[in-house]
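Below is one structure; the comments refer to it alone.
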Amino acid sequence: MSVGLEVSGVAVQLGGRAIVDGIDMVVPAGSVTGLIGPNGAGKSTLLRAILGLVPAMGSVSFCGTDLATLPRRARAQFTAFVEQNSETDARLTAREAVMLGRIPFQSVWQASPSADDLSLAEAALAAVEMTAFADRLYQTLSGGEQQRIQIARALAQQPRLLLLDEPTNHLDVHAQLATLDLLRRHAQAGATVLLALHDLNLAASFCDSLVVLHGGRPVAAGPPELVLTPALLRQVYGVDATILRHPGTGRPLIAYDLPG
Ligand code: ADP
Ligand code: MG
């Protein structure tokens, strides 16, 4: 696997407080890495810091290029980000919202999207099973439908580096599995995928490796079967659990012990 994303010494201070600190990680190209950790651990802040959306110390490079040295448009031609709560202009249809992903590739002189832009947008809509919703106003879609459109917008960008912040939090179980499978296939085609996830069983099933944040600091990293231990779940989330194995895949399956 070739080097994808390299994060070194990243730290963010907000309101005079260290929100994330001492982040060193590598996400190899062709793999999916899950960022996990409790509410407020710093997952969203770290993703935003990687993309230069929040002032940060340290360095971030992708395939050897320091991201901070690139103009915004150049960066947008190979990176895509699905935020936790994305806002989109109220008057856009779902298809137009997906077409936003093609803007970094369009010249300012271009009167209308190219045939390539249109076909990439249609393919992305189909990939998230939203073709039937293409002409609906984005604002009239449910939270889960909007989330699938945001993922389609990111895929239409054909990003080599794809960052997503809890991309499955509004989705039903079919859409959760379909979305993570889509992201895994995107990685298998060569992309570098880093995503924040809350559902640890989904993270264990789909991610090649996990990075655990706790209080803004990395406390564990590696393959799910090594990272997801009862001791870690107790330390980081304050829960007791038994770790089973999925009978088909051998991946960890977390059975939570009920409190009390
Ligand atoms: P996560 O995504 O893991 O839930 P966040 O990165 O959103 O965590 O937030 C990490 C911590 O940083 C939280 O305690 C949050 O309240 C705090 N935080 C986020 N943004 C700001 C800000 N602009 N100013 C001060 N604190 C912030
Ligand atoms: Mg968050």
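For the stretch 14-36, a tally of residues being more than 12 Å from ARG217 (Cα to Cα) and in contact (Cβ under 8 Å) with a residue 24 or more places away in the chain returns 9.
Among the strands (runs of 3 or more DSSP E) lying completely within the stretch 1-104, list those that include at least 2 residues that are within 15 Å of ligand 2 (Cβ to nearest atom) and over 21 Å from VAL193 (Cβ atoms). Correct list: 5-14. Just one of the listed residues (LEU171, LEU228, LEU244) is in the same structural domain as GLY30 (by TED's automatic domain parsing), at pLDDT below 95 and away from ligand 1 (no atom under 16 Å from the Cβ), and it is LEU171. Which members of the stretch 154-168 meet the condition of being more than 16 Å from ligand 2 (Cβ to nearest atom) and touching a residue at least 60 places away in the same chain (Cβ under 8 Å)? Hits for the stretch 154-168 are ALA154, LEU155, GLN157, PRO159, ARG160, LEU161, LEU162.
Remark: pairs (first residue in the stretch 131-146, under 15 Å from VAL98 (Cβ atoms) and part of a helix (DSSP H, G or I); second residue at pLDDT below 95 and of a type in the set (S, T, N, Q); Cβ separation under 6 Å; 6+ apart in sequence or on different chains) = TYR138/THR88.
Okay, residues lined up against (1) among the hydrophobic types (A, V, I, L, M, F, W, C); (2) under 16 Å from the mean Cα position of the chain (by Cα); (3) surrounded by 15 or more Cβ atoms within 10 Å (Cβ to Cβ); (4) closer than 20 Å to LEU200 by Cα:
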position: GLY143; (1), (2), (3), (4): no, no, no, no
position: LEU161; (1), (2), (3), (4): yes, yes, yes, no
position: ASP165; (1), (2), (3), (4): no, yes, yes, yes
position: THR168; (1), (2), (3), (4): no, yes, yes, yes
position: THR179; (1), (2), (3), (4): no, yes, yes, yes
position: HIS186; (1), (2), (3), (4): no, yes, yes, no
position: ALA189; (1), (2), (3), (4): yes, no, no, no
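Looking at LEU194, LEU180, LEU233, just one residue is over 18 Å from HIS246 (Cβ atoms), outside the structural domain of VAL128 (by TED's automatic domain parsing) and either more than 16 Å from ligand 1 (Cβ to nearest atom) or in a strand (DSSP E or B) (or both), and that residue is LEU194. In this structure, LEU67 does not satisfy being buried (at least 18 other Cβ atoms within 10 Å of the Cβ), without any contact (Cβ under 8 Å) to a residue 40 or more places away in the chain and not assigned by TED's automatic domain parsing to the domain that holds ALA175.
The values are calculated or read from the model by the stated rules, or taken from the named source; none is laboratory data. Every value quoted in this text rests on a predicted model; they were computed, and no experiment measured them. Ideal geometry is used to build each Cβ from the backbone, glycine not excepted, and the neighbour counts take in all protein chains shown.
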